[in-house]
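Let me begin by presenting the structure, written as structure tokens, before commenting on it.
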Amino acid sequence: MKKKFFEIGQISLASQTDVDVEVSEEVEAAIKELMSRSIILYNDDHNTFDHVVECLVNYCDHQPLQAEQCALIVHHNGKCSIKNGTFEDLKPICEALLENGLSAKID
């Protein structure tokens, strides 16, 4: 018995239980973007500028100049997106920032 295939865009349906999906690069990029999160760093009144820069360098792998720029943005705007990635990648980084007294969350 021969299976019938139905083409819907780039999805080929072989039967109700068998699905062969080809995902285009655009769809993959959109899925990654939807799964992507950011760590948002918030301004506070108790951490020094140097401490914030040091934490960004140590935990977010920022270069010193990048860390200083982020710290200035946080100081002037109240918050700044400091790191992008998946939730799983960002969680330990955010926890380290929180343990060091910074105000941050994954958004």
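The values are calculated or read from the model by the stated rules, or taken from the named source; none is laboratory data. All values derive from a computational prediction rather than experimental measurement. Glycine also receives a Cβ, built like all others from the backbone with ideal geometry; neighbour counts cover every protein chain displayed.
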For the stretch 76-89, pairs from a residue that is farther than 18 Å from Gln63 by Cα and assigned by TED's automatic domain parsing to the domain that holds Ala104 to a residue that is part of a strand (DSSP E or B) and among the aromatic types (Phe, Trp, Tyr), with Cβ under 6 Å and 6 or more apart or across chains, are Lys79/Tyr42
| Qualifying residue in the stretch 32-42 (condition: of a type in the set (S, T, N, Q) and assigned to a strand (DSSP E or B)) | yes
